[in-house]
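**Student:** Pasting a structure below so you can have a look.
The values are calculated or read from the model by the stated rules, or taken from the named source; none is laboratory data. Since we're looking at a predicted model, the values are computed, not measured. Glycine also receives a Cβ, built like all others from the backbone with ideal geometry; neighbour counts cover every protein chain displayed. Just the protein is used for accessible areas: all its heavy atoms, side chains included, with ligands, DNA and RNA removed. Shrake-Rupley method; radii C 1.70, N 1.55, O 1.52, S 1.80 Å.
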Amino acid sequence: MTGITVPDEVQGLFNDFKLKRTPHFAMFFKIEGDEVVEDTEMHVPKEGSDFDSILEKLDESTPRYVVIDFNYETTDGRPADKIIFVAWIPDTCKIKDKMKYSGTKESVKSAFVGIAVNINATDMSEVTVEEVTAACNKV
């Protein structure tokens, strides 16, 4: 436990996202001071975006929490969608940031009720469309 909190406002943003009340395909969150806050500059809109739009926003030296409204096809061919939580904590980020984000991850997951799939990604190969689809089909 790191003492970093997830404010009610951020939980409300996630709930709106989960209920499809936002124009976002993916929302990014970061730790600022002792709180998890929305990273508004990083959001990916639903219109005209694909999964690669999310990957382009990830930086190899900056951790983030990402929630994605992910549409995929099940193993038996049905269309489906799930809310995905990605803890992006790259191996190349600062040790202090790695510890802070890793230690706060469970608090964020607990605050974001309704996450269907949790992915811990330390490099780009762990957060490809194929990996996320495979994780969705396991659940």
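**Student:** Just to be sure I understand: with springs between alpha-carbon atoms less than 10 Å apart, which residue in Asp39, Asp81, Asp52 has the highest mean-square fluctuation in the Gaussian network model of the chain?
**Tutor:** In the Gaussian network model the winner is Asp52.
**Student:** Can you tell me the dipole magnitude for segment 1-113 around its Cα centre, using point charges on the Cβ only (Lys, Arg +1; Asp, Glu -1), in Debye to the nearest 20? Walk me through the intermediate numbers first.
**Tutor:** Working: 15 positive and 22 negative charges, 68 e Å.
For segment 1-113, the charge dipole is close to 320 debye.
**Student:** Turning to a different aspect of this structure: At 1.4 Å probe size, with every protein chain present, just tell me what the per residue accessible area of the chain comes to in Å². It would help to have the intermediate numbers written out before the result.
**Tutor:** Values: 7350 Å² over 139 residues.
Solvent-accessible surface per residue comes out at 53 Å².
**Student:** Give me the percent of accessible area attributable to carbon and sulfur for the chain, probe 1.4 angstrom. Mind showing how you got there, number by number?
**Tutor:** Details: 3630 of 7350 Å².
About 49 percent, which is the carbon plus sulfur part of the accessible surface.
**Student:** Please build a GNM for the chain, connecting alpha carbons under 10 Å apart, and tell me which residue among Thr104, Thr75, Thr128 fluctuates the most.
**Tutor:** Its mean-square fluctuation being the largest, the pick is Thr75.
**Student:** If you don't mind, there's one more thing I want to ask. Give me the percent of Cα-Cα pairs in the chain that sit more than 21 Å apart, rounded to a whole number. Provide the component values of the computation, followed by the final result.
**Tutor:** Working: 3680 of 9591 pairs.
Above the 21 Å cut-off, the chain has 38 percent of its Cα pairs.
**Student:** Within the chain, what's the longest stretch lacking GluC sites (Glu not before Pro) that sit in DSSP loops with no more than 11 other Cβ atoms inside 10 Å? The partial results should precede the final answer.
**Tutor:** Working: sites that count: Glu47, Glu60.
Result for the longest clean stretch: 61-139.
**Student:** Hey, another quick one. First select every other residue whose beta carbon is under 15 angstrom from the beta carbon of Val139; then total the charges, Lys and Arg +1, Asp and Glu -1. Present the calculation step by step, with values, prior to reporting the outcome.
**Tutor:** Numbers: positive: Arg78, Lys82, Lys109, Lys138; negative: Glu73, Asp76, Asp81, Glu131.
Value of the local net charge: 0.
**Student:** A further question follows. Tell me the net charge near Ser49. Cut-off is 14 Å between Cβ atoms, Ser49 excluded, with +1 for each Lys or Arg and -1 for each Asp or Glu. Before the final figure, lay out the partial values.
**Tutor:** Working: positive: Lys46, Lys57; negative: Glu47, Asp50, Asp52, Glu56, Asp69.
Residues close to Ser49 contribute a combined charge of -3.
**Student:** Which whole-number percentage describes the relative contact order of the chain, with Cα contacts under 8 Å and a sequence gap of 6 or more? Could the numbers behind the result be given before it?
**Tutor:** On the way: 228 pairs, mean separation 31.8, N = 139.
Relative CO of the chain lands at 23 percent.
**Student:** Also, quick follow-up: Along the positive direction of the dipole of segment 36-139 (beta-carbon charges: Lys, Arg +1; Asp, Glu -1; about the Cα centre), which of Asn137, Ser110, Thr74 reaches farthest?
**Tutor:** Farthest towards the positive pole: Ser110.
**Student:** Now a separate question. Work out how much length Asp91 to Glu47 would gain on full extension: take 0.36 nm times their residue separation and subtract the Cα-Cα distance, in nm to one decimal. Before the final figure, lay out each step's value.
**Tutor:** Numbers: separation 44, 0.36 × 44 = 15.84 nm, distance 3.15 nm.
Working it through step by step, the gained length comes to 12.7 nm.
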